[in-house]
Amino acid sequence: MIVRLVWVLDCVDADSLADFWTAALGFTREPFHPPYVSVRDPRGQWPELLLQQVPEAKTVKNRMHLDLRVNAMEPEVDRLTSLGATVLRGPFDDDGFTTTVLTDPEGNEFCVIVEPASV
């Protein structure tokens with residue numbers, strides 16, 4: 001039985017990356033207690049994102065990533081890039097879902113997605 005789901009993201013500078021994800025998700029952050037920083041939804045609706053500081057940098061594509069479902073692509077991508085994200089590709093149509101692939105400041109991929117009107 002799962003008591004609580006927590007997403008863990010390895011990173012080189014957990015303290016700094018927590019600032020990005022806190023702003024990107026509208027979450028609150030806990031103090032850095034090496035090697036971890038917790039980023040939490042203040043409403044308690046979404047899983048905790050736990051940033052784990054590791055010695056090695058990211059070198060290959062993520063096997064799992066976050067999708068941020070939004071109502072409008074351009075303003076959200078603009079907001080995220082102003083926080084330090086980088087656009088890798090897009091926007092493009094992915095079976096009716098408008099998708100842009102970005103990276104956080106350490107190169108971890110995530111997607112911004114606008115769902116089709118019928119979904």
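What follows draws every value from the coordinates through simple rules; no lab data is involved. Just so it is clear, the model here is predicted, and its values are computed rather than measured. Here Cβ is always computed from backbone atoms with ideal geometry, including for glycine, and neighbour counts include all displayed protein chains.
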Candidates per trypsin sites (Lys or Arg not before Pro) in segment 32-119, loop by DSSP, up to 15 other Cβ within 10 Å: Arg43, Lys61, Arg63
Provide the convex hull volume over Cα atoms per residue for the chain, in Å³. 135 Å³
Overall Cα dimensions of segment 1-57, principal axis frame, Å, largest first: 31, 28, 17
Fully extended, how many nm does the chain gain between Phe97 and Glu109 (0.36 nm per residue separation, minus their Cα-Cα distance)? 2.6 nm
Helix 14-25 axis, angle to the chain major axis (alpha carbon atoms, nearest 10°): 30 degrees
Cα axis of helix 73-83 to longest principal axis of the chain: angle in degrees, 0 to 90, nearest 10? 30 degrees
Note down the Stokes-Einstein diffusion coefficient of segment 64-119 in µm²/s, whole number, using a Kirkwood radius over alpha carbon pairs, 4 °C, and 1.567 mPa s. 115 µm²/s
